[in-house]
Amino acid sequence: MRVVSSKDWSAFTNTSTGVRTHWLRQREALVLSKTRPGFDRASAHKISGVLREIAGGEQPQLRFLVFDFAEGAGAAVAPDGFAEMVAATAELIIDTPVITIAWARSLLAGLDFDFAMNCAAIVAEREACFSFAGEPFDLFGLYAAVGRRIGFSRTERLIESEQTLSAAEARDLMLVRDVVPAQPEFSGISTYLTQFDRHYNASHAIFRAQRMAEPPIDRRPVIDIVHR
């Protein structure tokens with residue numbers, strides 16, 4: 001098993017950014033746990049730094065990058081760098097052997113839901129739920145990602161109904177890959193990755209093909225597009 005070097009993002013384990021790192025070395029996985037909902041400039045900067053290092057080949061044997069969403073809903077206004085961070089996350093599956101997984105523990109909404117939809121897969125604990133509530137212009141990226149998956153007419157009905165989806169309902173809509181029992185700390189993630197690893201090659205190929213077939217989401221404000 002590879003020994004993790006002293007450069008392995010110790011600087012990114014910073015509570016002031018709302019992002020903490022944890023290695024699951026036996027699973028060749030890095031977990032980025034968000035300690036508060038939403039994203040601000042600091043958290044986007046920290047996560048983007050990790051993504052740049054992975055894309056640059058700093059961790060060639062890394063197989064899984066897990067974003068652990070433990071908190072509820074937060075502000076939906078995207079900070080500077082958010083669009084670039086989402087794009088880098090979505091593209092990681094194309095250029096590296098890393099599969100990105102969003103791990104939902106409770107309410108996933110706003111920018112967190114938007115970001116999760118651009119990971120290769122979402123895995124939800126049974127008590128997790130998913131909300132589309134918020135200002136539509138702020139959540140354009142989320143609506144676009146969900147619309148691609150389930151169709152824009154169905155997405156529109158979900159938004160208008162102000163429905164909060166359970167984990168099982170989100171799985172039935174194919175927004176969530178799997179629903180799993182809640183376990184303390186990182187036990188559930190480790191158990192899931194042990195099973196997932198058996199189909200790693202096939203899953204990576206499918207996720208990569210899916211990403212290559214989807215053009216990037218244009219997140220520019222409407223005013224910028226009109227005056228282009």
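Which order do Trp103, Trp23 take when ranked by solvent-accessible area (1.4 Å probe, heavy atoms of all protein chains), largest first?
On the way: Trp103 5, Trp23 30 Å².
In descending accessible area the options line up as Trp23, Trp103.
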Provide the convex hull volume over Cα atoms per residue for region 83-207, in Å³.
105 Å³
Report, to the nearest whole %, how much of the accessible area of the chain belongs to carbon and sulfur atoms, 1.4 Å probe, protein only.
52 percent
Stick to Cα atoms and the Kirkwood definition of Rh, then tell me Rg/Rh for the chain.
0.94
Normalised by the number of residues in the chain, what is the relative contact order in percent for Cα pairs under 8 Å and 6+ residues apart?
16 percent
With every protein chain left in place, what is the accessible area of Ser106 in Å² (1.4 Å probe, nearest 10)?
30 Å²
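Compare the peptides 140-149, 112-121 by average per-residue count of other Cβ atoms within 10 angstrom and give them in order, highest first. Walk me through the numbers before you get to the answer.
Values: 140-149: 19.2, 112-121: 24.3.
Order by mean packing, descending: 112-121, 140-149.
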Checked against the positive end of the charge dipole of the chain (+1 on Cβ of Lys and Arg, -1 on Cβ of Asp and Glu, about the Cα centre), the farthest of Pro97, Ser153, Val179 is Pro97
Whole number in Å², please: accessible area per residue of the chain, 1.4 Å probe, ligands, DNA and RNA not counted.
50 Å²
Of the DSSP beta bridges with both residues in region 89-228, give the percent that are antiparallel, rounding to the nearest 5.
25 percent
Computed accessible area, Thr191, all protein chains, 1.4 angstrom probe, square angstrom
60 Å²
For region 145-215, diffusion coefficient by Stokes-Einstein and Kirkwood Rh (Cα), 20 °C, 1.002 mPa s, µm²/s:
148 µm²/s
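The values are calculated or read from the model by the stated rules, or taken from the named source; none is laboratory data. This structure is a prediction, so every number in the text was calculated from the model and none was measured. Note: ideal-geometry Cβ built from the backbone for every residue, glycine included; neighbour counts use all protein chains shown. Each accessible area value is taken on the protein alone, full model and side chains, heavy atoms only, with ligands, DNA and RNA left out. Shrake-Rupley method; radii C 1.70, N 1.55, O 1.52, S 1.80 Å.
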